[in-house]
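The values are calculated or read from the model by the stated rules, or taken from the named source; none is laboratory data. None of these values were measured; they are calculated from a predicted model. Glycine gets a Cβ as well: all are built from the backbone with ideal geometry, and neighbour counts include every protein chain shown. The protein model used for the area step is the full one, side chains on, heavy atoms only, and it has no ligands, DNA or RNA in it. Shrake-Rupley method; radii C 1.70, N 1.55, O 1.52, S 1.80 Å.
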Amino acid sequence: MLLDIKIACSCNNYIDGTVYVPHPNYLSDREENSLSEHWEDIWCPSCGKEFKVYVAKTFNNLKCYINDSNVEFSFGLPYENKASAVEQYLLDDHLTIFMDQMNSSEKLLEIEVSKDVDFNLLVMVHGHVVAAVERYLASVCINMIVESPYLMRKLLESDPDLGKRTFTLKSLYNEHDNVENTISEYLKNLIFHKIDKVKPMYKSVFDIDFGNIQWLFSSVKIRHDCVHRGGYTTEGNQVYLKRENISALINNAKGLIEKIEYLLKKLD
């Protein structure tokens, strides 16, 4: 969702802007736990002053502030883009595949099966949803970074594993010519469900902050039990899976990818 804002800058110029509205955390069980936050920068085209816009969304409420209480600020009602939600961005294969996977997962949740089969179905769907997020994150990183010398440089300067690699003087020229392949192979070998690694990478390379994604960390942990132990923990207990929870996970995943796509378009 988007939100139109208006700022009366101290230079007497009025700024009309649009900011992103994050989805609430659909996996939350209460209003106060569903908070999602987003920060965005807006500049005055006249004097160049920067304003930081804060947007907070829960199930039932929306709040929006700027970092300067001395200027007039107003905003309208949130709205969907013409093409609605994530589907407006279906221009790239990696996003098309992600949305197809989410749509298929939603259809699988509508299937009625016997009680003894239901748990196994949910194990597979949960694992599939998390894997789809992982694939999307990997595709964006690999495709965008290797095609941009600027983003490759940001990755080299910010990634601790890449940054600590050493080369002999003899191999330096060859490695310089092969840096694109080196980075591509590094990203392909990166495990993208290690969110503690991926989240700071997106921030340092794309300046995209995922925000509070504890729900994704928890879902990745459950996915591990689903993929490696068929839905059981190391203690032998069944993981907790319900259709409504996986449906909420799908909505959270769509919201995260919608946010990423919105901010990536601002990089162009």
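Structure notes:
- Over 19 Å between alpha carbons, listed pairs LYS107/LYS242; LYS49/LYS203; LYS221/LYS259; LYS188/LYS221; LYS199/LYS254; LYS199/LYS259: LYS49/LYS203; LYS221/LYS259; LYS188/LYS221
- In the elastic network of the chain, a GNM with C-alpha springs shorter than 10 Å, the most mobile of ASP225, ASP209, ASP29 is ASP29.
- Cβ-Cβ FRET estimate between TYR79 and ASN12, R0 fixed at 30 Å, reported to 0.05: 0.55
- Contour minus Cα-Cα distance for ARG135 and VAL179 (0.36 nm per residue): 13.5 nm
- Cysteines of the chain lacking any other cysteine Cβ under 4.7 Å from their own Cβ: CYS64, CYS141, CYS226.
- Accessible surface for HIS228 stands near 110 Å², nearest 10, in the context of the full protein assembly shown (1.4 Å probe).
- Placing unit charges on the Cβ atoms only, positive for Lys and Arg and negative for Asp and Glu, gives segment 184-268 a dipole magnitude near 100 debye about its Cα centre.
- Magnitude of the charge dipole for the chain, about its Cα centre and with charges confined to Cβ atoms of Lys, Arg (+1) and Asp, Glu (-1), is about 500 debye.
- For the chain, built as a Gaussian network whose Cα springs stay under 10 Å, the top-fluctuating residue of VAL53, VAL123, VAL19: VAL53
- Computed in the context of the full set of protein chains, the accessible area of segment 1-153 at 1.4 Å probe radius has 51% of its extent on carbon or sulfur.
- Average accessible surface area per residue within the chain, 1.4 Å rolling probe, Å²: 56
- Residue among GLU32, GLU258, GLU134 with the largest mean-square fluctuation in a Gaussian network model of the chain, springs linking Cα atoms under 10 Å: GLU32
- Ordered by solvent-accessible area of protein heavy atoms (1.4 Å probe), largest first, the residues VAL129, VAL220, VAL227 come out as VAL227, VAL220, VAL129.
- Unit charges at the beta carbon, dipole of segment 193-249: most positive-side option, THR234, GLN214, LEU249: THR234
- Ranking GLY76, SER105, VAL123 by how far each Cα lies toward the positive end of the dipole of the chain (charges on Cβ) leaves VAL123 at the top.
- Only aspartates and glutamates eight or more places from LYS154 in sequence, or on another chain, were considered; those with a Cα closer than 14 Å are GLU180, ASP207.
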